[in-house]
1. Can you tell me the dipole magnitude for segment A:155-271 around its Cα centre, using point charges on the Cβ only (Lys, Arg +1; Asp, Glu -1), in Debye to the nearest 20?
2. Under a plain spin-label model, where a point goes 7 Å from the Cα along Cα-to-Cβ, how far apart in nm are A:Ser255 and A:Asn316?
3. Looking at segment A:255-352, which trypsin sites (Lys or Arg not before Pro) are DSSP coil and have at most 13 other C-beta atoms within 10 Å of their C-beta?
4. Of the DSSP beta bridges with both residues in chain A, give the percent that are antiparallel, rounding to the nearest 5.
5. Which residues in segment A:472-507 have a backbone N closer than 20 Å to a point placed 7 Å from the Cα of A:Glu120 along the Cα-to-Cβ line?
6. Taking K and R as +1 and D and E as -1, what net charge do the other residues with C-beta under 9 Å from the C-beta of A:Ser563 add up to?
7. Relative contact order (percent) for chain A, with alpha-carbon contacts under 8 angstrom and 6 or more residues of separation?
8. Nearest 10 degrees, 0 to 90: what angle lies between the long axis of helix A:404-417 and the longest principal axis of chain A (Cα atoms)?
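The values are calculated or read from the model by the stated rules, or taken from the named source; none is laboratory data. This one's a predicted model, so the numbers in the text were calculated from it and none came from an experiment. Note that each Cβ is placed from the backbone with ideal geometry, even for glycine, and that neighbours are counted across all protein chains shown. Heads up: the accessible areas ignore ligands, DNA and RNA and are worked out on the full protein's heavy atoms, side chains in. Shrake-Rupley method; radii C 1.70, N 1.55, O 1.52, S 1.80 Å.
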Amino acid sequence: MARTISVKRARSIDKEPYLKGLNVEQSATVLSPFSPLMVIAGAGSGKTKTLTARVAHMMQQGIPASAIMLLTFTNRAAANMIQRVEKQVGPESRRIQGGTFHSIAYRYLRQHATKLGYPERFTVLDRDDAESFMKSIIAEVSAQKSAHKMPRAKAMLKLMSYAINTHTHLNEVVLERAPQYLAVSEILAEICSLYIQRKIDRGFMDFDDLLINWFRLLDDSDTHSEMTRNVKAVLVDEYQDTNVLQAQIVDALVSKHRNITIVGDDAQSIYGFRGADVRNMLFFADRYPECATQTLTTNYRSSPEILSLANVTLENARYGFKKELRATRDAGEVPALVPCADSGIQASFIAQHILTLHQEEGVDFDDIAILYRAHAHSIDIQVELAREGIPFVVRSGLRFFEQAHIKDVLAFLRIVENPRDEISLARLARLSEGVGEVTASRFATYFRGALDHVQVQEKGGRRIRCVDALHNEDFQREIAALRARARKGLEKINRILEVLDRVSQSEKPSKCIDVVTAKEGFDYLSLLERKFDNPKDRKADIEQLADYAEGYESLTEFLNDLSLTQTAGVSAKDSGDEESSAVTLSTVHQAKGLEWRAVFIPALVEGMFPSEMALREGKAEEDERRLFYVAATRAEETLIMSYPQVKHLRDGTRVMTHPSRFIEEARDEDILDIWSLNIEDVELDGAENRLEGSGVARPTLMR
DNA sequence: CCCTGGGCTGTTTTT
DNA sequence: CAGCCCAGGG
């Protein structure tokens, strides 16, 4: 029988709890706005408040807004902070340079990329693009070399990226993280250098390149002074998640005036897998001995019971600044631990308990979140939420711009923008019937060859355009020589590219999308019907994309914003009611910096959270621990953790699970309330008809 | 050379 | 359970 927990809840929520902690703002303003400051801020201790107060203070002390650079983890975070500053000191603050490392790097590189041998209009490769590019290189190289087992493109990129972001030699990374490839390490190095070379040639920059190239420009004394002339103060949020390269960029930015403010929580460093290194923060004071240090451990967010759990988790951590979070809220509920028979029961429990919270305690759906370790853990829950008619938003999984149909449309625009983009060329070719991988790559090669020819002919400064290839006689001859089936399709693509090239000269990006979708254009919408099984949804997506494009004048801005804006990938499914309060589903990683009244953490089982994969990677237990800490400290009042006691394997057998070590540690301390479920079997009443397709939300575009 | 279907594998987190 | 590899027919 379920143990009944009666809950008394303060109905009125302090809208601005941080105001109580005036000392937070004081700390930011008492200290000189011209000298280094490190703020070690625990979860929920008013980090954002501190940063905004300091920025406002800097402006009041005469540093112009345009000379302040605010580096954050997401572009949204920067925008929010700038808005807050605006409230304090006025519209001038809109001139603050704010955003992620990558987006700010991009802004600088737009002006200076040619100095690095890049074409003026380069293309930003997202993860997906980088992967297909790498895949083709690996295929090419391993066709020449012996048939050793080679890493997948994804794995290869991961190794490379890790090497770059931690300044480690590739061989060392291979030795440490993928010893199975030691035998082919020479081939890997070759792939690596081919990849690097070709990126420059094609005008591609991947996410790592944005950072490397920014650093390179800063490292050169001529460009350094040009690029830092207008930077008088640098503030970095979430500093614990910077990698070596990012720390070096920051150091280079402030090398003249040393006016740097960093804010972070070493206990929330969760991006080790990406090369993030807490030591940047732990040894910050060694690099800036003149810096003042502030430690904020008063927590304004969570109940004391939730913080006890967080503190236990932290105590068991192996390294970091010692700190214990002190609560300012009144006593509330003890965090709950709910063992469930299996993940299906867990999903039912969560859905039903959300309804209870909503109906009996008046908790808004907006104030509830479900935070999990990996996207896959949310599938059961999504189905169950849909069944119960609970509106929800998924902030994880496949992103809007990563879907095949969106990429198809964008591929047209990308070639017009950068005709050397062979990833998009091959992608387009494959849209035609009778064109497979082989013909597609030939098409790209022919196109490419034609461009090179033009380049040789006229060395003038004129930008290469795709008509240059289309009008080339060799290219036309090569296409004409193809088999009839493939030729017809490719000729159509060439016609469309020609139209697009012209349209793009004078019209907005949205007009270009029209050319791709319109019946008299490429007629992509008809192709969609044949190609996918849910054409309606996808058509709607493309309309949304066109809508979104309306906001842009320049194709360049539009395309690169898309590559840099990963946030837009959000999916929602609200069952009917338009007033869009919805439960948030998110990975813990993406929930960083956010907070909710009630938080569910499911799947707290050894192997899932902490994840088995991560544990295999050596010192990652600490990362997983901090991840759990981040998850727990998102909750203000209610924290409900659960785990399935049995796991169903593929072959139908069932295995007992072990509760997560983070749970066991807390259980020993007697700070959890254990609930048991009373399971009642209910006939389904056709409510499942409400589910569409798989019952799992699809990405849509959100701003 | 393209396409399809069957069998097998491997499965995290992201700017 | 999706994505990859391979074999075989068109």
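1. Working: 10 positive and 18 negative charges, 51 e Å.
Its charge dipole is roughly 240 debye.
2. 4.5
3. Passing sites in segment A:255-352 are A:Lys256, A:Arg318, A:Lys322.
4. Numbers: 11 of 57 bridges.
Once the DSSP bridges in chain A are tallied, antiparallel ones form about 20 percent.
5. A:501-507
6. The answer is -3.
7. On the way: 1129 pairs, mean separation 130.7, N = 703.
It comes to 19 percent, rounded to a whole number.
8. It works out to around 50 degrees.
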